[in-house]
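Enquirer: Once you've had a glance at the structure underneath, I'll fire off some questions.
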Amino acid sequence: MFACLFVPDFRVEAFVCLEPELRLQSVAVLEGKPPLSRIIAMNDRARDAALELGMTRMQAQLRAPEAVLRMRSPEQEATAHASLLDCGHAFSPRVEDTALDHIVIDASGLDRLLGDLSQVAQQIAQRGTSLGLQTNVALASNPDAAIYAAHGFPGITVIPTGAETERLGTLPIENLFPPPETLETLYRWGVRTFAQLAALPEVALSQRLGQEGLQLQKLARGTFARTLVPAEAPLTFQESMELEYPIDLLEPLAFVLARLLEHICARLESRSLATNALHLWLQLEDMDRGSSIFERDLQLPVPMLNPKLFLQLLHLDLKSHPPSAPIGKVRLTADAVRPRFAQGGLFLPVAPEAERLELTLARAKGVVSEERVGVAKVLDTHRPDPFRMERFEVTAPTDKAPVAKQSGRVVKRIFRPPVSVVVLVSNGCPVRLQPHRDVLACSGPWHSSGEWWSDQAWQHEEWDVAVREKEEVALYRIYRDMTKGRWFIAASYD
Amino acid sequence: MTYVELHARSAFSFLEGASLPEEMAAACAAIDMPAMALIDCNGVYGAPRFHLAAEKTKIRSHFGADVLCETEFGPVRVPLLVTNQVGYQNLCRLISRMKLRVPRKSEGITTYDELAQFATGLVCLTGEDQGPLAVALANGGFTAAHRTLEQLAFTFGRNNLFVELQRHHRREQEARNQAAVSLARSLGLPLLATNGVRYVQPAARQVLDVFTCLRNHRTLATAGRLLSRNNECCLKSGAEMARLFADLPEAIANTTELSARLEFKLTELGYQFPPYPVPDGDDMNSFLRKRTADGEIARYSQRDAAFRERAHKQIARELALIEKLGLAGYFLIVWDIVRFCRDNGILVQGRGSAANSAVCYSLGITAVDPVGMELLFERFLSEERGEWPDIDLDLPSGEQRERAIQYVYERYGKLGAAMTANVITYRGRSAAREVGKVLGFDAETLNRLSPLVNSWEYKDESDTMERHFNDAGCDTSHPRIRKFLQLCMALQDLPRHLGQHSGGLVVCQGRLDSVVPLEPASMPDRVVVQWDKEDCADMKIVKVDLLGLGMMAVLEDTISVIHDQHRENVDLAQLPADDPSVYAVLQKADTIGMFQIESRAQMSCLPRLRPVRFYDLVVQVAIIRPGPIVGQMVNPFLERRLGREDITYPHPSLEPVLKRTLGVPLFQEQLLRVAMIAANFSGGEAEELRRAMGFKRSEKRMREIEVKLRRGMQENGISPEAQEQIIQSITSFALYGFPESHAASFALLAYASAWLKCHYLGAFTASLLNNQPMGFYHPATIVKDAQRHGLRVRPIDVLRSDWKCTLEPDNGQFALRIGMRYARGMRQEAAEALVAARAMRPFASIDELARRVSELRKTELVTLGEIGALNALGGASVHRRDALWQVERAVHGTGPLLREIPDEHDASPLSRMTAEERLVADFSGTGMTVGPHPMRYHREQMNRMGISPANQLPHLPNGKLVRAAGSVIVRQRPGTAKGFVFLSLEDETGIANAIIHPDLYQKNRVTLVSERFLIVEGVLQNLDNVISVKAHRILPLHITQAETTSHDFH
């Protein structure tokens, strides 16, 4: 026998299972970019409050002001799903992770442990309830019959072997989830229920809908036998260590990390895998505030498998981001990926070794801070000084490197961030940069503005000025931020 | 210092300018700029509108174009200004040549050689960012720029080349200016300051940025430096420009100097209408006289001598004026087109004011006798007006009209005839979609937002776009939504691209390409001018409108069906006049499908007007206009007609003019005659009066004319009260009045359609169904109406139906067989292949049908099965589901193993469709049902609910509380009805009308707009046999899932 555990209104239940007080309220889940997010799921109370799928937040608030509206949370759904799996595993090692909102358990032999089939079903349902999930449970002789029964009938359903066709017969044909085209054909034929599909002659049906039609019919009859596909525990490369006493220095931590890394790398190697991301999880023991969690992620540019390098990188990272309290527990997880297979061209210049490059970049980051290391990418906008730092990555050299145009223009040195300055203006032109820097000559104003469609709108009035500084003449680019009404020095000219 | 803007680009540069020419002219006048030059991209699209607006605002208008030209550094935009007529013609020919050698929608490019060829009369500027100077400087430096200027100076002459300077507060532009000034000095070329205007107000930069994104298929977030750097391309005053160019005063001074040199006016196009080729020994006048005389005999010989004399005199008078104005050629050309149509069996009829002309009637151009109807010739043509007459020809829409257009092309050649353009502008939804795209909204959001742009005709104060957004659950306080709304509004009515007008043809003697630039049209070998038909009329270019009229096609088809099936010949010109059976039907407002008199408003007027003769129909056609309701003319007329009000005249002298319309002026001709009689206006002056009062009315002109009217009436001794009454009726009415001649032309078609419907219902209904979409009602309503009138309508059947609806014998009568064109998704070629295969040998089974007609797709077979069109193929007991069962086997492509295995049972295991399922299938598969009306199945339930059938309502007393119900076939919210909504509900017995008060509408908006079936509860109004229910309560009625449709006039 197989048991299906199905959570109706799963997306709502994902919230309700963590906040049981919501069970007594109208709850609706929305999805989409605000302000155009729409309801995608709701509970019965919300339905009673006349909320409808597809309503926007504003419409829902107008229709049912008391309703609780939540944005869809994939994380909470994942947690709820994990609970569902836990519930299954509590009864059998053979649990099929069929969908987000339902699982199938191989219930063979459970009757000998837990009583008759309805008692088995009841206990499974109780287990679900204890995890905060309201479920439909159905037991049948094959996984699919159990799934359809759990979807179609509320509460607990037990279908004795041989009674599947009759018991499932009243269910609507859409519950079979046939492909849209097939569903359309069945509708046209006036086939609305499992029983009607079950009654069609087999040969004639296969002449019209092929094997797919026959399979659907077997499903509708509840006689489709298939092997359960038990969920395999995901392949995780995680090592953790609880320390006997908290450590507050990096050196002893490095010793612990080295052990964990070696272990993980050995496991990865045994499966011919490498990693491109390490996640460090530390439980901090603060005498005053109790325990807290400290996490760091280490992204690698290419898949690697070098525990020494990993240790150095983690060490550098922790040096620049030290934990705030002694460490009581360490957990290290590696994302498993296929190792890098790359061969450089014979006649191409040698690129730096990825591992060493990463180490160098990590050292640089430790010195100048993370956001100042990388490649500056110039942005396509009129906004002055537009660039963004991007992660430095070695790319395969192209045949034609762009040739910079020769230009006789003066060199501009940009102040980042721009320097705030007080400017005296006369007849619309700047005449002095305070303190005491008289403008000898000026050119401008140069007007530029942009991003008027967003809240990032900006408007500048720029001038190029020559000012006397001590005994020399200096050339500056200054601008007035028209939205703030303040002056800045943007750059100096050589 | 005076400054003239000589480089302004309007929204007619299509996505490269953001203000309309009218706005530019008005802004120009507002800042006291004496002149402005409109230089649009690769065309003079906005020139007529700019010219007219400039005349109105009393500024001088100059013209030119930014022409794309290929150079050694790539394409550049060369701004050219027109100095004289030769220059204008050269510019038009240059653009035409460039446009016509590339396919439609490609931009086309010219070369320096061509520029040299057409340089006479043109002044060249060195352009802006994409101009020849800027591009040469950027790519080849100073030397290349020098070379470019030398070349341009050689091409246009040193006096006709100006080095253009613009100052938009941009560094790179100023650097270029420095180079340009130095080059100009070294070459001795004059400098010219311009501001490269692309919009009037700085705020419109946002619209230009949106356009830039649309042009480059980007969003605002990804367009980067394609967008404007700032908003300096607005129109600036002379003082501002002088301040900007304080260091180069000559650049400003040169603008006025150059402006003075630009002498060309758009009134000097050099357009000439082509002469009509006549036989030796004749000139056009004599030839026209002969043709008119021939027609006069045919048209009037049956009439009495006095009438003939009157007609002859009128014709002579018209011919004299035509000769005097040199218009004989025009009449002959139109006559020639009409003759071609007649010779080729194409139904044709002139409409509009041409029906005032006895010459047109004699030549067969129009079908209304203006002498018999005492129509006013001056409405059509007058000496004072000095403009070309306007003759519109109605032709059957579709292929026949196409043949007539082809004939004109063949006759006048590619450069002698062209279609007028149709400027497509941004309207509600299109603006919303484009703005949404540019703001980066995803497809789903776009689909959600764009339908919210409301387009009901009537808009009350609460009917704002903001309100619709709120209703749909969009938060209008959100910045992105607000920006979206704001941009949608800003884009409204701006030109989007140039389309082709459906029927306007321009003909010209010699080269039309030197009058207005030509472009390729979407059809091969066709060209279209850059101006729309209003612009052509404003520029006094003669056009002939060959308009497609669905009803003409219906009439033509009906006559052909009558000939084929009834073996009778019907000649529309010989229909029995004033047939009482026709008028009996009209008086009952039983007019569904009839031309011009089928609308809800017409139907509510017919029982009160009770037409008994043709002239009543002319009045009927004219009376339902938005204006007379506003002008309080309909009610007095109907009251007098019903004998409830005395017939009086503002002055006894006006009795002859107003007698026919019971003292109430209803037609434009009457208005003209009133002015002529009461105030001694000449015919031409009266027509001027009508125009002054028309749509483009000007307060000043109206006041001038009113003074003149009063003076004339004073001279004729008309009392001040009567004067007031006359002026009141003229001013309130002139805006909306119909020309009597036009009404008469349409009334002829209305009568013909009514006569054919009364006498040949089957043929008429078949033709009406074959020419959909047209008219006021959906095919489902037309079919139900025909059935109620006794026509048997049979469903689509693959053994009998053609592509079109046909008639088939039925017990000595004819039944209508619905054609396969009504099977949703059916393609004409598949249907025709089926008919051809059937003609060889009928099909014995669905299998055979699928095998023999390989053109049929599975979806088509399935639809045919669903709507019962295959039932006849399987024997007597086959039902739709049996057919669908067989279709699935026939199309599934069973493998060889199973192919030979017969079905286990002869019949399918599927159950028969219920009546409801059949209804749903009928409506989803054909949009109609030939079986009982959905309401018929629920009549008992309706009776229990106290719902009266539509045909019972006329028998109930006025004021009784009633309930009516049915499928909503029409929803209307006319602009003139102050927010009232009119519903038409159809049941199996007929149509019930309901009136919804604005308050009730607001309360039940969703129900009223979205429900297919409604119950309306309210007070029955039965006034003069016009029946309607004044609703108190609206309820949805859920009786079927069938997707019935309504015609909503939003």
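The values are calculated or read from the model by the stated rules, or taken from the named source; none is laboratory data. Quick caveat: nothing in here was measured; it's all calculated off a predicted structure. Please note: Cβ atoms are built from the backbone with ideal geometry, for glycine as well, and neighbour counts cover all protein chains shown.
Enquirer: Checking A:GLY450 against (1) more than 14 Å from chain B (Cβ to nearest Cβ); (2) in contact (Cβ under 8 Å) with a residue 40 or more places away in the chain; (3) within 30 Å of B:ARG205 (Cα to Cα); (4) of a type outside the set (Val, Ile, Thr), which single condition isn't satisfied?
Expert: (1)
Enquirer: Do we have B:ASP810 as more than 30 Å from B:ASN951 (Cβ to Cβ) and of a type in the set (Asp, Glu) here? Give the derivation first.
Expert: Values: more than 30 Å from B:ASN951 (Cβ to Cβ): no; of a type in the set (Asp, Glu): yes.
Against the criterion (more than 30 Å from B:ASN951 (Cβ to Cβ) and of a type in the set (Asp, Glu)), B:ASP810 does not qualify.
Enquirer: Let me ask something else. Yes or no: the stretch B:332-355 includes at least one residue that is among the small types (Gly, Ala, Ser) and in a loop (DSSP other than H, G, I, E, B).
Expert: Scanning the stretch B:332-355, I find at least one residue that is among the small types (Gly, Ala, Ser) and in a loop (DSSP other than H, G, I, E, B), so the answer is yes.
Enquirer: Any idea which of B:VAL78, B:VAL67, B:VAL135 is over 39 Å from the mean Cα position of the chain (by Cα), of a type outside the set (Gly, Ala, Ser) and under 27 Å from B:HIS497 (Cβ atoms)?
Expert: Exactly one residue qualifies, and that residue is B:VAL135.
Enquirer: Further question: I'd like to know if the stretch B:84-98 contains one or more residues that are part of a loop (DSSP other than H, G, I, E, B), within 26 Å of B:HIS497 (Cα to Cα) and in contact with a strand residue (DSSP E or B) (Cβ under 9 Å, 6 or more places away or on another chain).
Expert: No, the stretch B:84-98 contains no residue that is part of a loop (DSSP other than H, G, I, E, B), within 26 Å of B:HIS497 (Cα to Cα) and in contact with a strand residue (DSSP E or B) (Cβ under 9 Å, 6 or more places away or on another chain).
Enquirer: Does the stretch B:1026-1034 contain any residue that is in contact with a Leu (Cβ under 7 Å, 6 or more places away or on another chain), of a type outside the set (A, V, I, L, M) and either at pLDDT below 95 or not in a strand (DSSP E or B) (or both)?
Expert: Quick first cut of the stretch B:1026-1034, residues in contact with a Leu (Cβ under 7 Å, 6 or more places away or on another chain) only: B:1027, B:1029, B:1031, B:1034.
Pick out the ones that are also of a type outside the set (A, V, I, L, M) and you get none.
No.
Enquirer: Is it the case that the stretch A:42-53 has a residue that's part of a loop (DSSP other than H, G, I, E, B), under 23 Å from A:PHE153 (Cβ atoms), among the small types (Gly, Ala, Ser) and away from every other protein chain (no Cβ under 14 Å)?
Expert: Step one: list which residues in the stretch A:42-53 are part of a loop (DSSP other than H, G, I, E, B), which gives A:43, A:49-53.
Retained after the next criterion (residues that are under 23 Å from A:PHE153 (Cβ atoms)): A:43, A:53.
Applying the additional criterion that residues be among the small types (Gly, Ala, Ser) yields none.
No.
Enquirer: Pull up the stretch B:219-243, narrow it to residues that are more than 10 Å from chain A (Cβ to nearest Cβ) and in a loop (DSSP other than H, G, I, E, B), then point me to the one that is farthest from A:SER448 (Cα to Cα).
Expert: Out of the qualifying residues, it is B:SER237.
Here's the yes/no breakdown for (1) small (Gly, Ala, Ser); (2) surrounded by 20 or more Cβ atoms within 10 Å (Cβ to Cβ); (3) assigned to a helix (DSSP H, G or I):
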site	(1), (2), (3)
B:ALA833	yes, no, yes
B:GLU848	no, no, yes
B:THR859	no, no, yes
B:GLY865	yes, yes, yes
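Enquirer: Next question. Residue under question is A:ILE39, and the condition is that it be among the hydrophobic types (A, V, I, L, M, F, W, C) and free of Cβ contacts under 8 Å to residues at least 60 places away in the same chain; does it hold? Spell out the reasoning first.
Expert: Values: among the hydrophobic types (A, V, I, L, M, F, W, C): yes; free of Cβ contacts under 8 Å to residues at least 60 places away in the same chain: yes.
Against the criterion (among the hydrophobic types (A, V, I, L, M, F, W, C) and free of Cβ contacts under 8 Å to residues at least 60 places away in the same chain), A:ILE39 qualifies.
Enquirer: Related question: So A:ALA376 fits all but one of (1) within 12 Å of chain B (Cβ to nearest Cβ); (2) at pLDDT 80 or above; (3) under 44 Å from the mean Cα position of the chain (by Cα); what number is the exception?
Expert: (1)
Enquirer: Which of the following residues is away from chain A (no Cβ under 14 Å) and in contact with a Pro (Cβ under 9 Å, 6 or more places away or on another chain): B:VAL200, B:VAL135?
Expert: B:VAL135
Enquirer: Could you please find all residues in the stretch A:123-168 being without any contact (Cβ under 8 Å) to a residue 40 or more places away in the chain, more than 19 Å from A:CYS87 (Cα to Cα) and crowded, with 16+ Cβ neighbours inside 10 Å?
Expert: If the condition is that a residue be without any contact (Cβ under 8 Å) to a residue 40 or more places away in the chain, more than 19 Å from A:CYS87 (Cα to Cα) and crowded, with 16+ Cβ neighbours inside 10 Å, then A:GLY152, A:PHE153 are the ones that fit.
Enquirer: Additional query: Just name the residue that is nearest to A:TYR493 (Cα to Cα) out of those in the stretch A:407-425 that are assigned to a loop (DSSP other than H, G, I, E, B) and away from chain B (no Cβ under 14 Å).
Expert: At the first step, the residues of the stretch A:407-425 found to be assigned to a loop (DSSP other than H, G, I, E, B) are A:407-411, A:422.
Checking which are away from chain B (no Cβ under 14 Å) leaves us with A:411, A:422.
Details: A:VAL411: 6, A:VAL422: 19 Å.
My answer is A:VAL411.
Enquirer: Report, ordered by the first and then the second residue, all pairs with beta carbons closer than 6 Å, sequence separation of six or more or different chains, a first member in the stretch B:155-174 that is within 14 Å of another protein chain (Cβ to nearest Cβ), and a second member that is assigned to a helix (DSSP H, G or I) and buried (at least 20 other Cβ atoms within 10 Å of the Cβ).
Expert: From the stretch B:155-174, the pairs are B:ARG167/B:LEU244.
Enquirer: Looking at (1) modelled with pLDDT under 90; (2) within 22 Å of A:THR185 (Cβ to Cβ), can you tell me which one B:GLY865 breaks?
Expert: Of the numbered conditions (1) modelled with pLDDT under 90; (2) within 22 Å of A:THR185 (Cβ to Cβ), the odd one out for B:GLY865 is (1).
Enquirer: Taking strands (runs of 3 or more DSSP E) that do not extend beyond the stretch B:773-822, which have at least 3 residues that are touching a residue at least 12 places away in the same chain (Cβ under 8 Å), among the β-branched types (Val, Ile, Thr) and surrounded by 20 or more Cβ atoms within 10 Å (Cβ to Cβ)? Spell out how you get there, then give the answer.
Expert: Working: elements: B:792-794, B:806-810, B:813-817.
No strands (runs of 3 or more DSSP E) qualify here.
Enquirer: Oh, and also: Give A:PRO349, A:PRO339 a once-over and let me know the one that is at pLDDT 75 or above and part of a loop (DSSP other than H, G, I, E, B).
Expert: So the residue among A:PRO349, A:PRO339 that is at pLDDT 75 or above and part of a loop (DSSP other than H, G, I, E, B) is A:PRO339.
Enquirer: Right, another one. Could you figure out which of (1) within 14 Å of another protein chain (Cβ to nearest Cβ); (2) under 30 Å from A:SER108 (Cα atoms) isn't true of A:ASP9?
Expert: (1)
Enquirer: Any residue that is over 20 Å from A:GLU355 (Cα atoms), out of contact with any helix residue (DSSP H, G or I) (no Cβ under 6 Å at 6 or more places or on another chain) and assigned to a loop (DSSP other than H, G, I, E, B) - is there at least one of those in the stretch A:294-315?
Expert: no
Enquirer: Failed condition for B:ALA417, given (1) within 11 Å of chain A (Cβ to nearest Cβ); (2) buried (at least 18 other Cβ atoms within 10 Å of the Cβ); (3) farther than 22 Å from B:LEU226 by Cβ, with all others met?
Expert: (1)
Enquirer: Something else about it: Is there any pair linking a residue in the stretch A:426-445 that is within 14 Å of chain B (Cβ to nearest Cβ) to one that is among the β-branched types (Val, Ile, Thr), with Cβ under 6 Å and at least six apart or on different chains, and which?
Expert: A:CYS442/A:VAL465
Enquirer: It is to be established whether one or more residues within the stretch B:551-563 are closer than 23 Å to B:SER397 by Cα, in a strand (DSSP E or B) and within 21 Å of the chain's Cα centre (by Cα). Spell out the reasoning first.
Expert: Taking the stretch B:551-563 first, the residues closer than 23 Å to B:SER397 by Cα are B:551-563.
Then drop every residue that is not in a strand (DSSP E or B), which leaves none.
Within the stretch B:551-563, none of the residues are closer than 23 Å to B:SER397 by Cα, in a strand (DSSP E or B) and within 21 Å of the chain's Cα centre (by Cα).
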